Structures are given as structure tokens and as C-alpha cells.
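Right, one structure below, let's go through it.
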Amino acid sequence: MTVRYTKDHEYVRAETEGGDVYIVGISKHAAEQLGDVVFVELPDAGKTFKKGDDMAVVESVKAASDVYAPISGEIVEANNAIVDEPAKVNEDAEGAAWFVKMKPSDPAELDAMMDEAAYAAFIAE
Amino acid sequence: MTMNAQGRPTRSDDVATSEAPTFTGNKALQIEEDLIFEVGDFNGTGVDLPEPEGAPSRLGGMERTSVIGLPGLSEPETMRHYVRLSQKNYAIDMGPFPLGSCTMKHNPRLNEKVARMPGFADLHPLTPEAQCQGALEVIDALGHWLKELTGMPAVAMSPKAGAHGELCGMMAIKAALEACGDAATRTRVLAPESAHGTNPATAVQCGFTVDEIPADKTGRVDLAALKEMLGPDVAGIMVTNPNTCGLFERDIRAIADAVHEAGGYFYCDGANFNAIAGKVKPGDLGVDAMHINLHKTFSTPHGGGGPGSGPTVLSAALAPFAPVPYVTEENGSFSLVETRRAAKEEGEGARSFGRMTAFHGQMGMFTRALSYMMSHGADGIAQAAEDAVLNANYVQARLKSEMTTAFDGYCMHEALFDDRFLKDTGVETIDFAKAMIDEGYHPMTMYFPLVVHGAMLIEPTESESKRELDQFCDALLSLAKRAKSGDAGAFKAAPVHAPRRRLDETAAARKPVLRWTPPVAEAAE
């Protein structure tokens, strides 16, 4: 399944192929750079964001960072498991430790994002 | 073995070289001190008064019957506890404290002598004006020095720390915007990526949103990018000069002009004023508001040693909005303007935004700072700034052979290094800092400013002698060489000579223990 990335290290992937719900989180690279994550704050289901809005907060031993909405849309579900156990973000950032599920209002925004190869090249810079 | 007549060995030839654990856990004068609750029991007391006789309780059955749970130590136990704790502390009186952006300079003892004069030290803040003319004169005189040094027409003396001064300046800007009806539209504040964290925090506290001004490749504000960001929605900018990379913002005048042209205000973070005091007047640079950290630039104690104090100078545009209270002088007699109404009556067009503190500011810091200023004189303050810059450049020049500077060229009062010299050594900035603890130094500022990878920001201040700086540089150079020689293991293990080894920051953040709980059996008694 195609995963798309932003320059701010968020990823987006469809929950099911062809479905209209997308899973959003921070990349494995971002989790590594952050170091041990100690706190995560997620938005409630039902909230809507525009692309680039502050959506969540992730705090590690090193720094506190805002997580931006990679696409515009409505939050369908927040992954409260990572709020209870922030360490999961370090263990499986692009898997079980997703942040939110979103219903995008403008799926075309996804086309402008990087694919896996482009993101790998971007972070290698 | 050589013996004297009593059989007492006088030579150390048989002394074992390895360290054996001690029974007490103490290491000679390094005492394993318990918490104060664990030193004394709850029934003990430092004062020994007899129980009053024949005085029945008048609390009507409401008197406490359970243990109150306060530590009960005798006076010698209390003294020992705190003296032992104080000996675990690193302090500017023990050695160099090279924290960048903190200006940890020597606190002259003359300041302390002046601050302890009973006429100042024992003064109650509600003393009638007629009986505290001297103290009011100190506030006025200090304000005069600050206005002279900054070239600004007004100063608010009451803010009690740097960030409080920032709040004062931003509240004055907000009040000025409200006065001209722009507050609803001018909602954005711009600050560089390298800003102190307090800058955006203050702006948000005042209801603004914050956008980052990008840096150019020399580590300074990107003027062209800033100009593009300016517009009718910008309330102002918050810029530190010299900035947190230890660099003077050369375009500062152009920055100020551009901001003013766009209708915004220029807040200058004065945390690094030590580098330019007596040399540059921020008023000449177009600054509208700037806090001055008396606890940095003017040598009052700082960092656990004393409270901060952040008087804030204001431009003519912001002066009418200055907070109360403030001191005024007429024919050699001083009085306090305590309320917004009084300010309105006293000053033409004055529209004070109100009061930030209960009283007049950090009086103990005012006396210390004025003592520093008067003993140094204007030329001495300029000399201190020059020496601070010279010392930082000396450190930068000496360390350059083994460490990598973040930016080229001379620095101001602090030298900024990045972690490129540690590349592929397996040693990171934090390991380097921990190894410095073993060498007997407080580490420099690490991982700040955020614009530099693995930043190490060294501010030696003017207090250090060449001998001290050389020893410090030699220690850092030897550490850098050791890191490059492949001895990463030693760095990862550091500190080994400190009372505690490296702490588990992750566990501390994930599972913080915020409260001491007594052992169950004792508490139940």
C-alpha cells in the first residue's frame, strides 16, 4: 500500500486499499531523531484540520515537537494506545503506533506528497 | 615498612590503588546524604520548649491528633544537611560556569555588602515614601543607568525575570496596538528559529501567533525572508542581539526599519546585552522594548543563587503604556506612582497597561546591580563587554584545532560549536558534556540553539582569567582528541566521578516519581 510523506516527517497511508479513511503518523526516521518519546497529545475524533495545522504534540527526552496535519480533513479516530504508552512510537512508528485516522476533505493533496523513495532521498540529504 | 616510635606507618608504599566500596557509601568528604525526611523523625524538633501547663486547648476538639509529617531535625542536623547538599552543587564560586546564553559571571562581594546594608535589606515594601527616600533613589538611579546604557527614554523596573520582562514588553506592544485600534488585525509575531524558547512562549501568552524567521547561512536573520513575511497582520518581531549563535545581527538597523515601515514593533531580547553594554545603545538600533537581565549582565546572583530581575526599557512609542508602579523625582524628592489613574495624571498621554507585580521589583537585585555599575563606571562596563567578547574568541580560537565551529568568523560573547568533530566517533554532544563533569567542569549549553546540530554553546564571560581559560581549553581539547581516538566507551560511561552516574532521563520522564512517600510502618505511627 502506498505510503506518502511530508517534509515535516508525517506519513499518510490508506487504511484499506481504495478506502476513504487514511492513517496518519510520524515517520520511523522522525521517531529515531526524536529519541525516546515520553509524551503524546492527540486531537479528539470529530475535529477538523487544514493541511499544515498543528494537530498533535510529541515530546521526547530531547525536544517537544508539533505534529502538523499532513492533509486537510476530519479526525475519525485517535490512537490512545500511544498516549498511554508513548514508547510505542519508538518501537513501531509506521505500524501500530499510528497517531490518528483521518477522512480527507481533499484527497488530491496526497498527490503532492513524497512517496517512499522520494522521502528516503529527502532524509538522506 | 618504615615505622616511627609509635608503630604508625608514615609511608604510603603499601596503599592499594583500586577503589573499594565503603560501608557508609560515603567517599571521604563526599557524603551520601539522605532526604531531610529520612534524617530526622517526625517527633523531633529543633527547639526545646516545655509543654505549656494549665492551658487547656481552646480548639474545641478540632486539634490535630495525627502526625503532621514535618521533618524533625535538631539545629546541627539541619545545618549539616544543607551544607552537605550545598557541597554537591557546582557554583560560579567554584569554577567556570560556561553555560551559553546564561552569562554566569562572578558576583562581586561588594554587591553583597551593599545589599545587606540594613537600610536596604530590612526595608518593608509598604514603608511610607518619606521614610524610604534612599531606596526609591536607588530604583531611580538604576533606572537612569539602564536608560543611559540602552539609549531608551523609559524603563519599567518591576519585572522579576527575563521572561517577565519579555511579557512586560509584549504587553506594552499589545497595549499600543489596542490604543490605535490595530490589536484585532495585528496578531502575528515573528521570531528567528534560534530564539530563546521564552520568546514564542511570551508572544503566545499575549495572544499572538508566532512564525519563524529563517536564518541565513551565516546564522543571522535572513533579511529578505523577513521582509516577505512582514505585513499588516504583523504586531512585531522578537530578535536577540547578539543572537543565540553568539553573532551580532549586522542588519539590525535594516530589520528595525523594515518592521517599523510595516507598522510593527521591535522587541529585542536583551539576554545577551553583556556583549554590547557600554558599546552599543539598543535605542540607536531601533529597538522598541528590551529586557535587561540584571542577574546576567549586571552580576547579581543567578541560577539557584538568587532571583532574577528583568527591568524593561521602552521606546518613546511604548513609554506611555509602561506598567505601574514606577518612581518619579521632583526637586530631589522621590515618590511612587502606584495606579493607572495616578500614571494618567502624572504623565501626559500616559495609558499604563497596569501592574505586573505586587511591589516595586527585586530590590535586593537593584542594590547589587547599582553597586556593580557604580563600582565599574561606564568605562568599566564597556571594558567588561570587551573582555567577555575577547574571552569567547580566545576559547573559540583555541578549540578550533580539534572542535568544529558552527559558523565562520569571530563570535561575540559566546562561541558556538557543532558536533561535526564527533562524526563517526560514536560520541555525542551529551556524552562529551558528561565527560566534562568528570573533568570538574559544569558543561556548556548543549543542543541549543536548535538551528545547529548537536550544539555546544560556550560563554566564558569576562570573569575568567587566561590561566583558567587555558586549563578549560586544554581539558576540552584532550577530550576531543580522546573522542577521536576511538575511546567512545569512556564517554558513554561518563560521569564516573560524580556522586551519581548518568541518570535515566527517559524513565524519569515516562515514570516520574513526583512525591516522596514515607516508609509505611513509620507513617502509620
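Since every read-out is calculated from the coordinates, none of them should be taken as a lab result. Every value quoted in this text rests on a predicted model; they were computed, and no experiment measured them. Cβ sites come from the backbone with ideal geometry, for glycine too, and all protein chains shown count toward neighbours.
In table form, for the structure just shown:
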{"item": "Rel. contact order, % - alpha carbon contacts under 8 angstrom, at least six apart, chain B", "result": "17 percent"}
{"item": "Computed E for residue A:32/residue B:501 - FRET, C-beta separation, R0 22 angstrom, nearest 0.05", "result": "0.30"}
{"item": "Relative contact order %, segment A:1-102, counting alpha carbon pairs below 8 Å whose residues are six or more apart", "result": "30 percent"}
{"item": "Mean Cβ neighbour count within 10 Å, used as a protection proxy, ranking B:454-465, B:285-296, A:67-78 highest first", "result": "B:285-296, B:454-465, A:67-78"}
{"item": "Residue A:87-residue B:420 pseudo-label distance in nm [points 7 Å out on the Cα-to-Cβ vector]", "result": "3.8 nm"}
{"item": "Tensor-based shape of the protein assembly as shown (alpha-carbon gyration tensor, a/c under 1.5 rounded, otherwise prolate or oblate)", "result": "rounded"}
{"item": "Residues B:145, B:516, sorted so that the one with the fewest Cβ neighbours within 10 Å comes first", "result": "B:516, B:145"}
{"item": "Computed lengthening from residue B:515 to residue B:80, 0.36 nm per intervening residue step minus Cα-Cα distance", "result": "154.3 nm"}
{"item": "Ranked A:122, B:366, B:491, criterion: other C-beta atoms within 10 Å, fewest first", "result": "A:122, B:491, B:366"}
{"item": "Euclidean distance of C-alpha centroids, segment A:1-44 and segment B:213-264, integer Å", "result": "34 Å"}
{"item": "When each of B:281/B:434; A:101/B:217; B:27/B:423; B:105/B:434; B:105/B:147; B:113/B:434 is checked by Cα-Cα distance, pairs over 27 Å", "result": "B:281/B:434; A:101/B:217; B:27/B:423; B:113/B:434"}
{"item": "Residue-averaged 222 nm ellipticity for chain B, from DSSP H runs of 4+ at -39500 (n - 2.57), nearest 500", "result": "-10500 deg cm²/dmol"}
{"item": "Residue B:390/residue A:125 FRET efficiency (R0 56 Å; Cβ-Cβ; nearest 0.05)", "result": "0.90"}
{"item": "Under the span-like rule (Cα at least 20 Å along the axis, Kyte-Doolittle mean at least 0.0), DSSP H helices of chain B", "result": "B:133-150, B:162-179, B:363-399"}
{"item": "Residues in segment A:48-89 reached by a label modelled at residue A:112 [backbone nitrogen below 11 Å; 7 Å Cα→Cβ]", "result": "A:51-52, A:71-72"}
{"item": "Anisotropy class of chain B from Cα gyration tensor, a/c 1.5 cut", "result": "oblate"}
{"item": "For chain A, calculated [θ]222 nm from helices alone, where every DSSP H run of n ≥ 4 adds -39500 (n - 2.57)", "result": "-5000 deg cm²/dmol"}
{"item": "Order of B:102, B:268 - criterion: other Cβ atoms within 10 Å of each residue's Cβ, fewest first", "result": "B:102, B:268"}
